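Student: Structure incoming, see below.
The values are calculated or read from the model by the stated rules, or taken from the named source; none is laboratory data. From a predicted model like this one, the values you see are computed outputs, not experimental measurements. Using ideal geometry, Cβ is built from the backbone for each residue, glycine included, and neighbour counts are taken over all protein chains shown. Only protein heavy atoms, including side chains, enter the accessible area calculation; ligands, DNA and RNA are left aside. Shrake-Rupley method; radii C 1.70, N 1.55, O 1.52, S 1.80 Å.
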Amino acid sequence: MHYLAEGLRLPTNALDYSILILYFAVVLGVGFAARRSVQTSLDFFLSGRSLPAWVTGLAFVAANLGALEILGMAANGAQYGVYTVHWYWVGAIPAMVFLGLVMMPFYYGSKVRSVPEFLLHRYGPSSHLLSSVIFSVASVLIAGVNLYAMAIVVEALLGWPQWVAIVVAGFFVLAYITLGGLSSAIYNEVLQFFVILAALIPLTIVGLKRVGGWGGLKDSLETSHGADFTSAWGGTGIGSDNPLGANWLTIVLGLGFCLSFGYWTTNFAEVQRALSAKNLSAAQRTPLIAAFPKMFIPLIVVVPGLIALVLEPGIGTEKSGTQYNDAIPLLMRDLLPNGVLGLAVTGLLAAFMAGMAANVSSFNTVFTNDIWGAYIRKGRPDEYYLLTGRVVTAVGVLCGMGTAFIASSFSNIMNYLQTLFSFFNVPLFCVFIIGMFWKRATAAAGFWGLLSGTVAAMINYFWFYQEGVISIPSDQGANFVSAIVAFVVGGVVMVGVSLFTQPKPVESLAGLVYGTTSPGMAEPPAAGDEAWYRKPALLGWGAIILAALCYVPFSL
Amino acid sequence: MSDEFEYQHQVEELAEKSATAARLFDVRRLIGGLFVVYGIIVTIAGITASEADLKKAQNININLWTGLAMLIVGVLFLVWMWLRPATAPEPAPEPPPGPARPGDETV
């Protein structure tokens with residue numbers, strides 16, 4: 001995590017603070033109002049599987065649209081230019097469509113309550129426990145990293161001491177999730193989505209006017225950084241040099257396939273939103289509805305990054321004293337008058353809290369159901385697990401706050417941890433996809449595929465890349481290559497182990513593997529779901545085609 | 001195979017007792033309400049904008065435009081909720097006659 005530069009203090013006044021305080025009050029109010037809807041553990045962990053698709057879909061986008069993502073993608077825009085759109089159009093949309101069309105029937109239809117629980121039924125306890133524990137630890141640590149990052153930003157922008165920001169934000173997240181469970185997390189995410197739009201759209205409009213519109217922006221950047229900087233694929237031929245340090249093959253395979261499918265299809269903080277939908281059709285539509293707003297987010301995140309580069313040409317260099325991560329705060333300071341400025345600060349804080357809440361609400365579900373309820377205290381009445389979920393939420397947030405305080409003294413360790421956990425999703429995806437399509441894949445194969453893929457990615461990144469055994473030009477490029485290594489090694493080990501171990505009996509795989517259905521799973525379609533605009537296939541393929549079309553203006 | 005699919009029964013039972021669908025308030029009221037309030041606040045800031053405010057935002061009265069847009073979005077959500085209120089599901093829907101429930105057909 002980088003320290004934000006001095007001199008970023010925003011000229012906030014009472015108007016801005018009233019907008020901010022109103023938001024905090026509303027967030028807490030949502031918690032209290034949602035409390036009366038929580039009667040069972042299913043209400044607390046999955047909103048009773050009852051939410052409409054547009055709500056879960058927007059929550060699906062918002063859970064990913066945390067402040068780290070917003071600041072980070074604007075930073076990538078300033079550092080790598082238009083290449084950053086790959087994180088959206090190749091690196092998100094296809095994976096989201098795949099989740100909705102191909103994987104969701106298995107997840108939702110098998111009635112599992114979490115992603116690790118699917119592993120339990122498909123493979124067995126060893127891979128289940130391994131992935132549950134790693135997911136839980138990672139969620140708490142990442143929540144802490146998020147909180148710490150927020151404290152730095154708030155200190156720079158508003159002048160609050162770091163510990164105040166950590167305690168205030170931590171307390172609000174703890175309160176509203178303990179009260180209302182996933183419903184209040186999701187409702188706040190939907191609200192945050194609209195507030196962040198209300199903050200970033202005016203910022204982009206004013207910024208574009210400042211640099212002379214898109215044409216003016218493009219001209220300035222091409223003069224200063226060359227023509228490839230404003231193109232999506234220019235300079236990505238194999239062997240040619242570009243700021244991203246990756247060629248088209250590693251972009252498509254590493255980012256577009258391994259990393260993005262790993263993240264979007266197996267990260268429970270995302271999938272949980274879809275599992276809370278009211279029926280299979282709504283669950284399938286959750287990531288598909290999310291794909292459409294996701295596609296246009298670069299317009300209000302990457303474009304401000306580019307604008308910041310024109311307004312502050314030295315951004316990210318030692319001399320200027322500013323980091324790439326400062327791109328959006330710099331524009332807020334220079335362009336927004338009080339009022340909209342308050343909205344922007346609110347949007348940023350809301351995004352930090354929503355990002356953390358997504359981690360916490362998925363952590364409490366996995367810890368309670370997949371660790372505590374599955375291995376430590378089995379078979380208790382439902383009230384017991386509901387209470388456990390609330391206690392675990394509080395403990396998780398407190399651990400996250402502790403992590404944030406530790407992170408403020410050892411920030412490098414946190415960077416390492418984040419890289420490390422990012423490698424876990426890729427072999428997880430490999431295990432899922434093989435398990436869903438190949439009946440022969442055995443319990444042992446699930447466990448060893450998961451472990452070997454993770455270890456292989458770490459060896460590739462921390463040893464081969466960082467010790468210079470192989471040469472890759474940038475951290476991003478190395479990330480992409482490590483993801484490919486994780487996928488291939490995990491897959492090969494799985495196939496190898498499966499051939500020498502006993503497969504699970506076919507009857508126990510009903511509804512978990514392609515070509516089988518869970519007994520009695522076929523539920524009647526809900527009224528209105530047959531409308532053409534609610535057909536998952538149409539939405540999914542529409543999203544893919546639209547994402548491909550988005551590339552056209554940046555590829556010619 | 002009753003053991004294998006025990007958890008599905010559990011989830012179904014909990015889903016029947018679940019109170020979310022019946023008792024959770026409508027998110028459109030939340031978005032609509034907050035955006036109307038924010039819209040009014042920011043629009044007033046736009047009407048009373050100073051020269052310095054306008055100059056900072058490149059001579060766009062950004063508060064006015066943002067405030068009005070938020071007001072419209074907020075009102076649209078409230079109108080949508082008013083026109084198409086969320087229907088609370090039936091208290092205890094009869095299991096459909098067609099497909100059997102998991103585990104019923106085997107012992």
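Student: Give me a comma-separated list of calculated 3J(HN,Hα) values for region A:29-46, in order, Karplus coefficients 6.51, -1.76, 1.60 applied at θ = phi - 60°, integers in Hz, x for any Gly or Pro.
Tutor: Values per residue, Gly and Pro as x: x, 4, x, 5, 5, 7, 4, 5, 8, 9, 10, 10, 5, 5, 4, 5, 8, 9 Hz.
Student: What are the principal axis extents of the Cα atoms in region B:25-83, in Å, biggest first?
Tutor: 42, 13, 13
Student: Can you check what the Kirkwood hydrodynamic radius comes to for chain A, Cα pairs only, in Å to one decimal?
Tutor: 23.9
Student: Separation between the A:Ser240 and A:Phe405 pseudo-spin-labels, each 7 Å from Cα along Cα→Cβ, expressed in nm?
Tutor: Between A:Ser240 and A:Phe405, the label points sit 5.3 nm apart.
Student: Would you mind computing, in nm to one decimal, how far apart the modelled labels at A:Ala548 and A:Val167 are, each placed 7 Å from Cα along Cα→Cβ?
Tutor: In this crude spin-label approximation the distance works out to 5.6 nm.
Student: Same structure, new question: With a 1.4 Å probe, what is the total accessible area buried between chains A and B, in Å² rounded to the nearest 100?
Tutor: 4700
Student: Under the Karplus relation 6.51 cos²θ - 1.76 cosθ + 1.60, θ = phi - 60°, what is the ordered set of whole-Hz ³J(HN,Hα) values for region A:319-330, x standing for Gly and Pro?
Tutor: Each residue's phi maps through the Karplus curve to give 4, 6, x, 10, 9, 4, 5, 7, 3, 5, x, 4 Hz.
Student: Another question about this same structure. Provide the packing ranking of A:344-350, A:34-40, i.e. peptides ordered by the mean count of other C-beta atoms within 10 Å per residue, highest first.
Tutor: A:344-350, A:34-40
Student: Here's something else I'd like to know. All other residues with a Cβ under 12 Å from the Cβ of A:Ala63 taken together, and with Lys, Arg as +1 and Asp, Glu as -1, what is their net charge?
Tutor: -1
Student: Sticking with this one: Positive end of the dipole of the protein assembly as shown, charges at C-beta (+1 Lys, Arg; -1 Asp, Glu), about the Cα centre: which of B:Met81, A:Ala14, A:Ser555 has its Cα farthest in that direction?
Tutor: B:Met81
Student: Still on this structure: Sticking with the crude label model, points 7 Å out along Cα→Cβ, report the distance from B:Glu12 to A:Glu383 in nm, one decimal please.
Tutor: Rounded to a tenth, the inter-label distance reads 2.6 nm.
Student: With the dipole of region A:193-348 worked out from charges on the C-beta (+1 for Lys and Arg, -1 for Asp and Glu) around the Cα centre, which of A:Ser224, A:Gly235, A:Gly212 lies farthest toward the positive end?
Tutor: A:Gly212
Student: What list of ³J(HN,Hα) couplings, whole Hz, do you get for region B:68-81 from phi and the Karplus terms 6.51, -1.76, 1.60, once you set θ to phi - 60° and write x for glycine and proline?
Tutor: Whole-Hz 3J(HN,Hα) from phi for region B:68-81: 5, 4, 5, 4, 5, 4, x, 5, 4, 4, 5, 5, 4, 5.
Student: Compute the accessible area per residue over chain A, keeping the other protein chains in place, probe 1.4 Å, unit Å². Write down the numbers at each step before the final one.
Tutor: Values: 19020 Å² over 556 residues.
Computed with neighbouring chains in place, this is 34 Å² per residue.
Student: When Lys and Arg each count +1 and Asp and Glu each count -1, what net charge do the other residues less than 12 Å away from A:Ala175, Cβ to Cβ, add up to?
Tutor: Numbers: positive: A:Arg35, A:Arg390; negative: none.
Charge balance near A:Ala175 sits at +2.
Student: Then there is this: Classify region A:73-225: rounded, prolate or oblate, from the alpha-carbon gyration tensor (a ≥ b ≥ c, eigenvalue square roots; a/c under 1.5 rounded; otherwise prolate if a/b is larger than b/c)?
Tutor: oblate
Student: Once fully extended, how much extra length lies between A:Ile459 and A:Arg440, figured as 0.36 nm per residue of separation less the alpha-carbon to alpha-carbon distance? Write out the running numbers ahead of the final one.
Tutor: Working: separation 19, 0.36 × 19 = 6.84 nm, distance 2.88 nm.
Going from the current span to full extension adds 4.0 nm.
Student: Still on this structure, I have one more. List residues of region A:424-456, by number, whose backbone nitrogen lies under 11 Å from a label position 7 Å along Cα→C-beta of A:Val506.
Tutor: Residues A:439-440 fall inside that zone.
Student: While we're here: Net charge near A:Ala75: determine it from the other residues with C-beta under 15 Å of the C-beta of A:Ala75, scoring Lys and Arg +1 and Asp and Glu -1.
Tutor: -4
Student: Another question, if that's okay. Taking the Cα centre of chain A as origin, work out the dipole magnitude from +1 charges on Lys and Arg Cβ and -1 charges on Asp and Glu Cβ, in debye rounded to 20.
Tutor: Dipole size: approximately 1320 debye.
Student: Can you give the mean number of other chain Cβ atoms that lie within 10 Å of the Cβ atoms in peptide B:39-52? List each step's numbers first, then the result.
Tutor: Numbers: counts 1, 0, 7, 9, 1, 2, 9, 3, 0, 1, 3, 2, 0, 2.
Taking the mean over all residues of the peptide, I get 3.
Student: I'd like to check one number: the per residue accessible area of region B:25-83, probe 1.4 Å, reported in Å² as a whole number.
Tutor: 51
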